[in-house]
Amino acid sequence: MIPTTIEIPSEYNKYNLIGEYNKPFITSSTPFEFFSEDECGVLTAYDITSFTFVINVYNDQCLVDSLTNLIVVDTNKLFINETTLNITPGEYPYKVDLIGANTVISGKLTVK
């Protein structure tokens, strides 16, 4: 079962990312973290190790690139580990999707 915190539409989970063209794009120091929340508001780390994630980067409605080198650590943290960011400098909307499910995070990717 996917926890409520992941089922929330992505418009609530907006994060802006910054990367550099033709350089490694690694976010291990600032991973996305997933938690489930009970009826009292207590957060518990949610195990995402069984899920597969992809980051789709768009230019208007057109897919520019899909970043698939995403790593799960400590069962509930997800970070990007791309060897080289090969997206032309600019600003792009992106979505972190669960493969076969919904978008869990979205925002703006700035490539310098």
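What follows is calculated from the coordinates using simple rules that are stated; it is not laboratory data. In this text the structure is predicted, and so the values were computed from the model without any measurement. Glycine also receives a Cβ, built like all others from the backbone with ideal geometry; neighbour counts cover every protein chain displayed.
Give the aspartates and glutamates reachable from Lys14 as a straight Cα distance under 14 Å; neighbours fewer than 8 places away on the same chain don't count.
Glu33, Asp97
Aspartates and glutamates within cross-link reach of Lys112: Cα-Cα under 17 Å, excluding same-chain residues under 8 positions apart?
Output for Lys112: Glu20, Asp65, Glu82, Glu91.
Please give the FRET efficiency for Glu20 paired with Thr103, using the beta carbon to beta carbon distance and R0 = 25 Å, rounded to the nearest 0.05. Each step should come with its number before you reach the end.
Values: r = 25 Å, r/R0 = 1.00.
Rounded to the nearest 0.05, the efficiency is 0.50.
Principal axis lengths of the range 25-74 from Cα atoms, whole Å, largest first?
41, 23, 21
Under the definition of Cα pairs under 8 Å and six or more residues apart, what whole-number percent is the relative contact order of the chain? Let's see the in-between values first.
Working: 242 pairs, mean separation 41.7, N = 112.
Over the chain, the number comes to 37 percent.
Estimate the FRET efficiency between Ser28 and Thr110 by the formula 1/(1 + (r/R0)^6), using the beta-carbon distance for r and 22 Å for R0, to the nearest 0.05.
It comes out at approximately 0.70.
Compute the signed sum of charges (Lys and Arg +1, Asp and Glu -1) over the other residues within less than 13 Å, Cβ to Cβ, of Thr110.
0
Between Lys77 and Val42, how many nm apart are label points set 7 Å from Cα along the C-beta direction?
Distance between the two pseudo-spin positions: 2.3 nm.
Report, in deg cm²/dmol and to the nearest 500, the calculated mean residue ellipticity at 222 nm for the chain, where each DSSP H run with n ≥ 4 adds -39500 (n - 2.57) and the sum is divided by the residue count.
Mean residue ellipticity, 222 nm, calculated: -500 deg cm²/dmol.
Return, for the Cα atoms of the chain, the radius of gyration and Dmax in Å, separated by a comma.
Taking only Cα atoms of the chain, I get Rg and Dmax of 14.2, 46 Å.
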